[in-house]
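Worksheet for the structure shown next.
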Amino acid sequence: MDAQKVDMFMMTNAKFFESHQVYNIRNILLEIDESKWIYISSIQFKDPTNMLIVSILAGAWGIDRFLIGDTGIGIGKLLTCGGFGIWAIVDLFLIMGATREKNLETFMMHARL
Amino acid sequence: MIRNRNKLYFFLFTACIFGYVWLYLNFSNSNINSGITACYFKNLTSLPCPSCGSTRSAVSILNGNFIDAFLINPLGFIVVTIMFIIPIWILLDLILKKDSFFNFYKTSEKKLQKPIIYIPLLVLILANWIWNIKKLL
């Protein structure tokens, strides 16, 4: 893909990924076909900061995990009052990383289409 | 986060062990209502959360009082079933070197993301929550 488009994508979306993944994502984008640009540029990524806010407000019921698509863990948190309150606090620190991992998964899914 | 079979099994296994320890502590304590409240939503607002009372419900099930358990919190039945099945299924998978539980987990996660399935469940959870608040668990 055109380097200019790739750099534009990276500038707007780098905050949605882990810093160590950004370089690989850029390389993947440079390799893939120009026709995928329309799909790639229209992906909606989840904002890690929004998920942190949800985790603070409603983390005890697992809403944060449901929103990023980790339904299994979400149910676990819902049924145990946020893992007896402990897992809800641990998740305050894990949720931003987990959101970025999920964003990478969505990106990979679209890039491989 | 969990896309790796062994990570998922390890996570669920430790979670189940914590659950068993918690249940044992509550089970050996004869007066259930004097137990510690772990739910921080309840500690903050003094309102019960959707799953408050599932420990008491699980203890009632273990004592054989199924009607009491249902009246305290129906979610206790789900918790007990999950805690009973998961360790056995995981151990079987580890012994037979299969990943049937991991596949089941992934497919059920995908099914639960369909609105036609999650909306009724959400309504049930909300109804249970309202019932919990009315009962003042």
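Probe of 1.4 angstrom, ligands and nucleic acids ignored: what's the accessible area per residue over the protein assembly as shown, in square angstrom?
Working: 14660 Å² over 250 residues.
Computed with neighbouring chains in place, this is 59 Å² per residue.
Beyond 20 Å, what share of the Cα-Cα pairs of the range A:3-111 remains, rounded to the nearest whole percent? Intermediate values should be presented prior to the final figure.
Numbers: 2570 of 5886 pairs.
For the range A:3-111, the fraction of Cα-Cα distances above 20 Å is 44 percent.
In degrees from 0 to 90, rounded to the nearest 10, what is the angle of the helix B:100-112 Cα long axis to the longest principal axis of chain B?
60
A:TRP37 accessible area, nearest 10 Å², 1.4 Å probe?
So the heavy atoms of A:TRP37 present about 40 Å² to solvent.
Taking θ = phi - 60°, what integer Hz values does the Karplus form 6.51 cos²θ - 1.76 cosθ + 1.60 yield along the range A:69-79, in sequence order, with x for Gly and Pro?
3J(HN,Hα) across the range A:69-79, in whole Hz: x, 8, 4, x, 5, x, 5, x, 6, 5, 6.
At q = 0.07, 0.08 Å⁻¹, what base-10 log of I(q)/I(0) does the Debye formula yield for the protein assembly as shown when every alpha carbon is treated as an equal point scatterer in vacuo?
Relative scattering, expressed as log10 I(q)/I(0), comes to -0.30, -0.39.
Quick one: helix B:5-28 against the long Cα principal axis of chain B, what's the angle to the nearest 10°, folded into 0 to 90?
Orientation of helix B:5-28: about 30 degrees from the principal axis.
Summing -39500 (n - 2.57) over the DSSP H runs of n ≥ 4 in chain B and dividing by its residue number, what mean residue ellipticity at 222 nm do you reach, to the nearest 500 deg cm²/dmol?
On the way: 7 runs with 103 residues, N = 137.
The helix-only estimate for chain B comes to -24500 deg cm²/dmol at 222 nm.
If packing is taken as the average count of other Cβ atoms within 10 Å, what order do A:12-23, B:48-59, B:70-81 fall into, highest mean first?
Ranking the peptides A:12-23, B:48-59, B:70-81 by packing returns B:48-59, B:70-81, A:12-23.
Okay, which of the range A:17-32 sit inside 18 Å, backbone N to the point 7 Å along the Cα-Cβ direction of A:THR49?
Within reach of a label on A:THR49, which here means backbone N under 18 Å from a point 7 Å along Cα→Cβ, the range A:17-32 contributes A:17-19.
Could you work out the equivalent-ellipsoid semi-axes for chain B, taking the square root of 5 times each eigenvalue of the Cα gyration tensor, largest first, in whole Å?
28, 20, 14
How would A:ILE73, B:ILE125 rank on accessible area, largest to smallest, probe 1.4 Å?
Numbers: A:ILE73 10, B:ILE125 35 Å².
Sorted descending by solvent-accessible area, the residues read B:ILE125, A:ILE73.
The values are calculated or read from the model by the stated rules, or taken from the named source; none is laboratory data. Predicted model, so just to flag it, every value in this text is computed and none were measured. Glycine gets a Cβ as well: all are built from the backbone with ideal geometry, and neighbour counts include every protein chain shown. The area values use the complete protein model at the heavy-atom level, side chains included, leaving out ligands, DNA and RNA. Shrake-Rupley method; radii C 1.70, N 1.55, O 1.52, S 1.80 Å.
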